[in-house]
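One structure below.
None of the figures in this text is laboratory data; all of them are computed from the coordinates on show. Note that the structure is predicted; figures quoted are calculated from it, not measured. No Cβ is skipped: glycine too gets one built from the backbone with ideal geometry, and neighbour counts run over all protein chains shown.
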């Protein structure tokens, strides 16, 4: 691999933890994945992705190239809409750790707190109160970290 470093330029995207996410510049999927991560995180990167790339390289590669580069980076939906849909799916599935990350991304790309609260309410109908309550607790943490007071009043 090191023999090929002359031909493969490396792109480094710093994460919030200061560790690099590395992708070969000639790989458009990886390049797009890094662009998507930068947009969602507000340029802060994602320490979880860096850890996956270091400890579980094939999984980290899948997240960067497939999930971020191929799917999230498609451009059919704008970033705000895509993140609201992602938060709804994660709430419905009860995936609280990922919901926290994507709720933060949703706020980063222009979603309003009251929209995220509405997703919690919708979760009661389609996935039940226990998952909605878990999603509410996750949002409480995300909002507290950003200084967003509850209850959130809807805009009229």
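Model label sites at residue 85 and residue 56, defined 7 Å from Cα along the beta-carbon direction, differ in position by 2.5 nm. Estimated at 0.36 nm per residue, the fully extended path between residue 140 and residue 118 surpasses their Cα-Cα distance by 6.6 nm.
Note on 123, 50: ascending count of other Cβ atoms within 10 Å places them as 50, 123, the fewest first. Only Cα pairs under 8 Å and 6+ residues apart enter the sum, and on that basis the relative contact order of region 79-145 stands at 40 percent. Estimated from the Cβ-Cβ distance and a Förster radius of 30 angstrom, the FRET efficiency linking residue 66 and residue 44 is about 0.85.
The value obtained for region 40-156, namely the Cα convex hull volume divided by the number of residues, is 117 Å³ per residue.
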